[in-house]
1. Can you tell me how many residues in segment 11-36 are touching a Phe, Trp or Tyr at 6+ places or on another chain (Cβ under 7 Å), more than 17 Å from Thr60 (Cα to Cα) and among the hydroxyl-bearing types (Ser, Thr, Tyr)?
2. Of everything in segment 118-135, what is among the β-branched types (Val, Ile, Thr), under 14 Å from Ala152 (Cα atoms) and in a loop (DSSP other than H, G, I, E, B)? Give them in sequence order.
3. Among the listed residues Leu95, Leu100, which satisfies the condition of being at negative phi and either part of a helix (DSSP H, G or I) or modelled with pLDDT under 95 (or both)?
4. Can you find a residue that is open to solvent by 40 Å² or more (accessible area, probe 1.4 Å), outside any helix (DSSP H, G or I), on the phi < 0 side of the Ramachandran plot and modelled with pLDDT of 95 or more anywhere in segment 60-67?
5. For segment 93-126, which residues satisfy the criterion of being in contact with a helix residue (DSSP H, G or I) (Cβ under 7 Å, 6 or more places away or on another chain) and without any contact (Cβ under 8 Å) to a residue 40 or more places away in the chain?
6. Would you mind stating whether Ala135 is among the aliphatic types (A, V, I, L, M), at pLDDT 95 or above and within 15 Å of Val12 (Cα to Cα)?
7. Of all residues in segment 42-58, which are part of a helix (DSSP H, G or I), surrounded by fewer than 21 Cβ atoms within 10 Å (Cβ to Cβ) and touching a residue at least 12 places away in the same chain (Cβ under 8 Å)?
8. Look through segment 206-235, keep the residues that are open to solvent by 90 Å² or more (accessible area, probe 1.4 Å) and β-branched (Val, Ile, Thr), and return whichever of them is farthest from the chain's Cα centre (by Cα).
Amino acid sequence: MLKLGFIGAGTVGTALSVGLGSRGYPVVAVSSRSQTSATRLAQAVSGCQVFDNSQGVADTAEFVFITTPDDVIASVASEIKWHSGQSVVHCSGALSTDILEPAKKLGAQVGAFHPLQTFASVRQAIDNIPGSTFAVEAEEPLLDKLKEMATALDGHWVELKAGDKVIYHASAVIACNYLVTLVKLAADLWQTFAIPPHQATQALLPLLRGTINNIDSVGIPQCLTGPIARGDVGTIKKHLAALQKVAPTLVPTYRELGLQTIPVALAKGRIDQDKAEELRAILKPPCLLYTSPSPRDLSTSRMPSSA
């Protein structure tokens, strides 16, 4: 079994080391900018040695994960003396393997292994890793090893090319990070009827869980519910009018999300093209009226300012 090493001992590095270590992969080395984090990772898996520099990890492990923040990966890859036959893998969702070119030039195989998962804490990351989908990018034979690791973690894998990575990561941001923002916006509206955000969030959570369950069990577009799915024009008008009064800055977001939801409703089959056009007409932002300047305005604009 390959000896694994980790450069970076944050949430992702710790979760992967614990997950792979518990499935028979020997984790033998770790280094981190934080000695505390490195020690915590080493204590979580048996037989792992803490090094005070990245080169120590590279000299000890056959398979090195770079699990640092994205902005540090390039410098890590360029500062280390890699060797032929070694595997070097980063865990960034947005970056391709091109950033590991210095390692490749020294004879190492390079790859990317990104868990499509959210990690708010180390404990939560360890719990969430199993069953995740992993975006893998590499050439054979490393590619096959990364797929085996994803399977060992009870997960799935999707193979990406270098040009796919940024859009893939943008998709993850929309589904995960922006969901947090949407829930905050929804919870903030409850303050207009004197319910604080924390209580509002707790009230919304069962709705969110039900929505996720429906996506999983019924699928898109059949899981779509609500006024656009029903073609309920009157309700949409009421929403826009009420939001304009209490949260006008939210109106453009509501309009755009509504417009993006219409094709989903059409695919579900509950509304027809006529109803879709009626909804679009309501949700499209109002055009700004252009007023031609009067001759007086034009003449004034050409007048030189007085000294």
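The values are calculated or read from the model by the stated rules, or taken from the named source; none is laboratory data. Quick caveat: nothing in here was measured; it's all calculated off a predicted structure. Glycine gets a Cβ as well: all are built from the backbone with ideal geometry, and neighbour counts include every protein chain shown. SASA here: full protein model, heavy atoms, side chains in, ligands and nucleic acids out. Shrake-Rupley method; radii C 1.70, N 1.55, O 1.52, S 1.80 Å.
1. Final tally of qualifying residues: 1.
2. Of everything in segment 118-135, just one residue is among the β-branched types (Val, Ile, Thr), under 14 Å from Ala152 (Cα atoms) and in a loop (DSSP other than H, G, I, E, B), namely Ile129.
3. Details: Leu95 fails: either part of a helix (DSSP H, G or I) or modelled with pLDDT under 95 (or both).
From the options Leu95, Leu100, the qualifying one is Leu100.
4. Step one: of segment 60-67, the residues open to solvent by 40 Å² or more (accessible area, probe 1.4 Å) are 60, 62.
Among the residues that remain, those that are also outside any helix (DSSP H, G or I) are: 62.
Filter again for on the phi < 0 side of the Ramachandran plot, leaving 62.
Applying the additional criterion that residues be modelled with pLDDT of 95 or more yields 62.
Scanning segment 60-67, I find at least one residue that is open to solvent by 40 Å² or more (accessible area, probe 1.4 Å), outside any helix (DSSP H, G or I), on the phi < 0 side of the Ramachandran plot and modelled with pLDDT of 95 or more, so the answer is yes.
5. Selection gives Ile99, Leu100, Pro102, Ala103, Gln109, Val110, Gly111, Gln117.
6. Numbers: among the aliphatic types (A, V, I, L, M): yes; at pLDDT 95 or above: yes; within 15 Å of Val12 (Cα to Cα): yes.
Yes: the conditions hold for Ala135.
7. Kept after step one, since they are part of a helix (DSSP H, G or I), are these residues of segment 42-58: 42-44, 54-58.
Subsequent filtering for residues that are surrounded by fewer than 21 Cβ atoms within 10 Å (Cβ to Cβ) retains 43-44, 55-56.
If the condition is that a residue be part of a helix (DSSP H, G or I), surrounded by fewer than 21 Cβ atoms within 10 Å (Cβ to Cβ) and touching a residue at least 12 places away in the same chain (Cβ under 8 Å), then Ala44, Gln55, Gly56 are the ones that fit.
8. Thr225
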